[in-house]
Amino acid sequence: MDRRSFLKIAAGTGLAVALPRHARAALPPYKGPFYVMISARGGWDPVYLCDPKPKGTFNRHYDYDPADPTAIGDIHYADIPVPANLVTDPLSLPYMMKNADFFAKYASKMVVINGLNMATNNHDRGVVTIWSGRGDGNYPNFAALVAATRAPEHPLAFISGGGYSGTGNLIPVTRLNSVASFRKLAEPNRVNPADPNNTTTYLHQDTFDRIAAAQQERLAAFKAKQNLPKIETAAGQLYLARGNLDLLSSVALPDTLIDLPNEMGDLERMAQQTQLAMAAFTAGLAVGVNLELGGFDTHANHDTAQVRQLAKLNWGIDYVMSQAAMAGIDSNLIVMVGSDFGRGKGYNGMDANSGKDHWPVSSAMFLSGNPGLIGGGGRVIGATTEAEQLPIGVDPDTLELDESEDGIVLTAPHVHLALRQLAGVAESPAAKKFGIITDMLPLFG
């Protein structure tokens, strides 16, 4: 698909696509590392995932003994089953993955950060904080920052299917929420691009090309008459965008979209966005992508709803990793999983259907098919207290737990400063423009 066609159909569908700023003749493919940011939207409960607690104030659902923990190596987890009554359709059960299976498969490829103080109970601020490192200001999503540094001219450098999409105006964001939409964008002259056997077009290709050429000439003439810098710049961007052909034609979209049971609609959307992301990665046109699974704001019915969403999230992460492996890029992929904040402190009621409210102490997880990319897998950094679910500080050099006044409580700025160092963009102009002032901790080696 050429960019001229992409823009034409984008305008017709209301798809939000910003344009790169420069021409891209002979654009080299981006070869990684690739970044996937998975947002558990609403505020997840790490006590039910990677920061388990004994039964009592914070946990009424599973057994956990700190002296004899349920763990894979150093990574402890909440051993929660996935009962059949979590869903109404038995066909939905295969799309929920219990913690025991998830951590058995990925603990050795994972870094878990517990006791992460998000410093907020507000959803909007929490989402911005976990994905940018700052909650106050138009700071860019980490993946957008890397894309702006590593491949700013690539047409799909930063794709967002949800979560925090802020870019700090460093780079365009492409909001493509389904492979079906992209397929329509890729071949706007075809009547039914979803049907590979139907080659009927609206216009003969020669006619289509002549119309496009006329549009380009008119745009060039319009640009030449402009004196106001903003209008001239915008016209120039559009001219360059329309003039670069076939940049998106290398995106090999999947022939079949994953189809899940109706009650798994949110997970199906995440999975289809994963299919699109992998196509863009393998085409060398994308650097990072946002994915999102909602439903974690469990102020009521926590022990059912939170377990269900976490089980779906586990399956969704597994799908990302398996699709990356099939595409041959899993060893060149870094996945970050996080949420607005945590849940607690304790339950908000005594009955079985009570929930948990917002709690600023959270966790984050990082995975890669090549654990060396994240400084080695099988590691846990930080913790929370059993009595109060409060963060425990760490030694800034060794990262060992340190409950003294010298211990540093982990925050999102610590995580993002370490991520920038990991990605090799900490000294980039973009990173300096959106500086993060905090202690540099060796979270990823």
Counting only heavy atoms of the protein chains, get the accessible area per residue of region 62-114 (1.4 Å probe) and round it to a whole Å² value.
48 Å²
Using θ = phi - 60° and Karplus 6.51 cos²θ - 1.76 cosθ + 1.60, couplings along region 372-389 (whole Hz; Gly, Pro as x)
x, 5, 10, x, x, x, x, 10, 10, 10, x, 6, 10, 6, 6, 7, 10, 6
Most to least packed among 98-104, 429-435, 33-39, 137-143 [average Cβ atoms within 10 Å]
33-39, 137-143, 98-104, 429-435
Under the rule rounded for a/c under 1.5, else prolate if a/b exceeds b/c, else oblate, using alpha carbon gyration tensor axes a ≥ b ≥ c, region 23-76 is classed as oblate
Summarise the accessible area of region 298-376 (1.4 Å probe, protein heavy atoms) by the percent that is carbon and sulfur.
53 percent
Amide H neighbours of T70 at under 5 Å, excluding residues fewer than 5 places away on the same chain, with H built from the backbone geometry, are D65, Y77
From the phi of every residue in region 66-81, what ³J(HN,Hα) in whole Hz does the Karplus formula 6.51 cos²θ - 1.76 cosθ + 1.60 yield, where θ is phi - 60° and glycine or proline is x?
x, 6, 9, x, 7, 8, 10, x, 8, 8, 8, 8, 7, 7, 9, x
Tail weight of P(r) past 16 Å, computed on alpha-carbon pairs of region 277-351, percent:
59 percent
State whether region 68-135 is rounded, prolate or oblate according to the following rule on the C-alpha gyration tensor (a ≥ b ≥ c being the square roots of its eigenvalues): a/c under 1.5 gives rounded; otherwise a/b larger than b/c gives prolate, and the remaining case gives oblate.
oblate
For a quick protection proxy, order the peptides 368-374, 358-364, 153-159 by their average other-Cβ count within 10 Å, most packed first.
153-159, 358-364, 368-374
For region 276-367, dividing by residue count, accessible area per residue (probe 1.4 Å) in Å² works out to 25 Å²
Order T129, T207, most accessible first, counting only protein heavy atoms with a 1.4 angstrom probe.
T207, T129
Could you run the Karplus curve 6.51 cos²θ - 1.76 cosθ + 1.60 with θ = phi - 60° over region 100-115 and give me ³J(HN,Hα) per residue in whole Hz, x for Gly and Pro?
4, 6, 5, 6, 4, 7, 10, 4, 6, 10, 9, 10, 10, 10, 10, x
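The values are calculated or read from the model by the stated rules, or taken from the named source; none is laboratory data. Owing to the predicted nature of the structure, the values given are computational and were not obtained by experimental measurement. Ideal geometry is used to build each Cβ from the backbone, glycine not excepted, and the neighbour counts take in all protein chains shown. All accessible areas refer to the heavy atoms of the entire protein, side chains included, with ligands and DNA or RNA removed. Shrake-Rupley method; radii C 1.70, N 1.55, O 1.52, S 1.80 Å.
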